[in-house]
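Reading through the structure tokens given below for one structure.
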Amino acid sequence: TLPLVALLGWNTVHVIGAACPTTHQTACGTCPSIISDKFSVDAKMQVVGHRSMKCAEQGLASLMSAGCPEGSCYTMVELDIPFSFSSCASNQSEACTAWKWLHCAFPDDSSSGAVMHSYFFVGGSFEGNGFAFAEKDVAGLLKSAGADVVAGDLCAKKFPQAASVATGLWQKGASKGIVLFGWDGCPCTAIAKSRFAAASLCFEQLTWQNPSSELMDYLQCREGDPTHHSFVYIRDAAGFWKFRGSGFAFDAGAMSDKALEALAQEGSVARSCQSEFSMNIYGETLSECRAASADSNGSWMWDGKCTESGGGVHQICMSQLPADFSVTTGQGPWSKDRANQRHCVCIGAWSLYMTREADPAWTTSSAWPFCDAVPMSALTAQYIANWKEWNGIPARIAVGATKILEKCLMHRNGPGSPVPSEAGACRLLKAFQVLQQAEGAALSTVNTSKLESDHSLNCKDVASAVPESTAPMAAGSTGGSGGGSMESMVKPQTAMVGGSGASDPSMRSTTASKSAPMSAWFVSPIMVNFVLAAWLIMLCTLFEDSNCAAHTPA
């Protein structure tokens with residue numbers, strides 16, 4: 001027997017024993033039972049769709065950020081639908097039948113021309129797919145519907161340890177005015193670092209290697225967007241930390257210098273901080289590797305410097321790239337087209353080339369770095385692993401790092417160029433000694449005292465230029481090269497409450513100091529290699545993330 005249906009216009013359709021979402025479309029028929037058996041027109045907040053798809057994840061994250069947990073605040077009707085809507089064209093499964101009905105009933109469910117996999121309803125009314133819903137005033141919609149939201153930061157309750165770490169860094173960054181969190185595998189993190197360094201803006205940072213970091217989960221939850229892999233916070237005029245976007249938002253093409261300066265002034269951001277990315281291995285201002293402004297093929301960052309902190313870690317500026325460099329390091333023959341030109345190469349590629357230069361079984365060309373353009377970061381503990389291998393091919397840190405030391409003690413830019421100043425040479429030696437301390441046995445045979453004597457240097461009164469935060473951690477710590485476990489990254493503090501841009505006192509800066517500290521603080525784990533970077537690009541392509549960008553190999 002067919003159920004009794006009251007046909008009073010589709011916006012008032014009710015099926016005895018069931019309920020369908022409200023729609024103004026009149027040609028779609030009754031919704032399938034897979035929806036109606038679980039959907040309630042009286043519910044304050046409901047979601048229908050595939051929870052694992054990006055659109056659903058973003059919408060659900062916005063609910064969590066607004067204090068609306070699943071169960072007590074919203075319910076979800078889950079559909080195991082395929083990735084592409086076209087796959088359901090001739091598929092009569094329950095899930096596909098439901099999806100086709102939803103698309104008919106709510107045709108404005110697309111994004112970038114593709115039918116999305118989630119449908120968000122507030123008080124029974126359709127408010128868009130997950131992407132569109134997240135862009136709305138979610139807290140306002142929930143309040144107007146009388147949804148049972150929870151006070152406080154649900155994300156901090158879900159990720160208490162990560163929330164404590166984040167709170168600690170916000171407190172530590174109070175004197176600087178900018179805090180950056182980021183996954184090393186995303187170009188967005190390097191973009192933000194490079195932009196702030198180029199503008200001489202001081203910032204605290206915490207980055208991670210693990211693409212499944214709980215800290216990233218917490219920040220994605222807190223900001224209501226699971227597509228972000230970096231998070232930039234700049235204080236507002238009242239001294240409260242405010243989320244300003246991912247690192248991509250700070251790309252030179254996305255934000256003008258004028259706009260960045262306005263944010264810096266609003267947040268009373270400190271200036272002229274020295275970091276391992278703003279100075280070269282002599283402890284002097286880092287030079288561009290790019291020799292000609294029209295040359296855009298040297299694997300440098302947007303400002304012409306070798307400061308890539310993730311991906312392949314292009315940090316060694318070659319004075320005149322050997323034609324055989326790429327083939328000798330297990331790549332394609334691309335270096336033939338860059339022969340005898342400046343080029344930023346990866347730490348691992350340089351180390352492997354030097355390893356094979358020292359191996360009689362290999363024939364290599366003369367190779368020299370442009371030392372003025374090699375950042376101090378290349379000799380810090382966070383990149384130890386990069387000196388030891390390149391794309392899975394073992395390299396010898398004792399050769400690669402030592403060759404940088406020896407060559408840059410002799411010449412700034414290869415044979416015929418000036419020698420470094422005594423102070424610069426001493427700072428290079430001291431940076432290498434810090435690296436020795438971090439690495440241990442592999443570099444223990446290098447006698448820096450003899451090198452000091454051989455080059456007629458007196459380094460007794462020359463201070464190290466390596467920022468304190470890049471010094472090695474005590475033995476036994478975990479969490480990445482030069483970094484401890486999450487608990488030891490920063491002292492745990494009371495977790496904050498409130499969402500993005502919250503005015504809760506715990507989000508307010510504890511100091512209004514505008515003085516510029518002598519050095520920026522960095523805690524960076526080992527940067528991911530090209531395999532992980534390629535994995536990121538694959539994921540971003542799969543989920544149509546237009547912000548993903550690949551870097552050229554070297």
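The set of residues from the range 326-350 being assigned to a helix (DSSP H, G or I) and touching a strand residue (DSSP E or B) at 6+ places or on another chain (Cβ under 7 Å) comprises Ile347, Gly348, Ala349, Trp350. Scanning the range 149-167 turns up one or more residues that are in a loop (DSSP other than H, G, I, E, B) and buried (at least 24 other Cβ atoms within 10 Å of the Cβ). Looking across the range 377-387 at every residue that is touching a Ser or Thr at 6+ places or on another chain (Cβ under 8 Å) and in a helix (DSSP H, G or I), the one that is farthest from Ser299 (Cα to Cα) is identified as Ala381. Selection over the range 62-99 of residues that are open to solvent by less than 40 Å² (accessible area, probe 1.4 Å), part of a helix (DSSP H, G or I) and over 16 Å from Ala147 (Cα atoms) gives a count of 5.
Quick one: is Ala438 of a type outside the set (Val, Ile, Thr), at pLDDT below 90 and outside any strand (DSSP E or B)? Answer is yes for this residue. Here is the figure for the range 261-298: residues that are surrounded by fewer than 22 Cβ atoms within 10 Å (Cβ to Cβ), over 15 Å from Asp372 (Cβ atoms) and among the hydroxyl-bearing types (Ser, Thr, Tyr) total 4. When you scan the range 421-447, how many residues do you find that are over 20 Å from Pro467 (Cα atoms) and open to solvent by less than 30 Å² (accessible area, probe 1.4 Å)? Adding up the residues that qualify gives 2.
Take the conditions farther than 30 Å from Gly152 by Cβ, open to solvent by 10 Å² or more (accessible area, probe 1.4 Å) and of a type in the set (Asp, Glu) and apply them to Asp42. Does it pass? So Asp42 does not fit the description; no.
Screening the candidates Ser164, Ser111 for the property of being of a type in the set (S, T, N, Q) and farther than 25 Å from Ala56 by Cβ yields one hit, Ser164.
Out of Gly71, Gly49, Gly9, which single residue is of a type in the set (Gly, Ala, Ser), at positive phi and modelled with pLDDT under 90?
Details: Gly71 fails: modelled with pLDDT under 90; Gly49 fails: modelled with pLDDT under 90.
Being of a type in the set (Gly, Ala, Ser), at positive phi and modelled with pLDDT under 90 holds for just one of Gly71, Gly49, Gly9, which is Gly9.
Screening the range 304-357 for residues that are open to solvent by 20 Å² or more (accessible area, probe 1.4 Å) and of a type in the set (Asp, Glu) and picking the one that is nearest to Lys193 (Cα to Cα) gives Asp337. For the range 186-220, the set of residues classified as surrounded by fewer than 24 Cβ atoms within 10 Å (Cβ to Cβ) and in a loop (DSSP other than H, G, I, E, B) consists of Ala199, Ser200, Gln209, Asn210, Pro211, Ser212, Ser213, listed by residue number. Among the residues making up the range 248-293, a single one is among the charged types (D, E, K, R), within 24 Å of the chain's Cα centre (by Cα), over 14 Å from Thr307 (Cβ atoms) and assigned to a loop (DSSP other than H, G, I, E, B): Asp251. Within this structure, Cys408 fails the test of being open to solvent by less than 30 Å² (accessible area, probe 1.4 Å) and in a strand (DSSP E or B). Restricting attention to the range 102-130, the residues being surrounded by 22 or more Cβ atoms within 10 Å (Cβ to Cβ), assigned to a helix (DSSP H, G or I) and not aliphatic (A, V, I, L, M) number 1.
The values are calculated or read from the model by the stated rules, or taken from the named source; none is laboratory data. All figures in this text were calculated on a predicted structure; none of them were measured in a lab. A quick note on method: Cβ atoms are made from the backbone with ideal geometry, for glycine too, and the neighbour counts reach across all protein chains shown. With ligands, DNA and RNA removed, areas are computed over all heavy atoms of the protein, side chains included. Shrake-Rupley method; radii C 1.70, N 1.55, O 1.52, S 1.80 Å.
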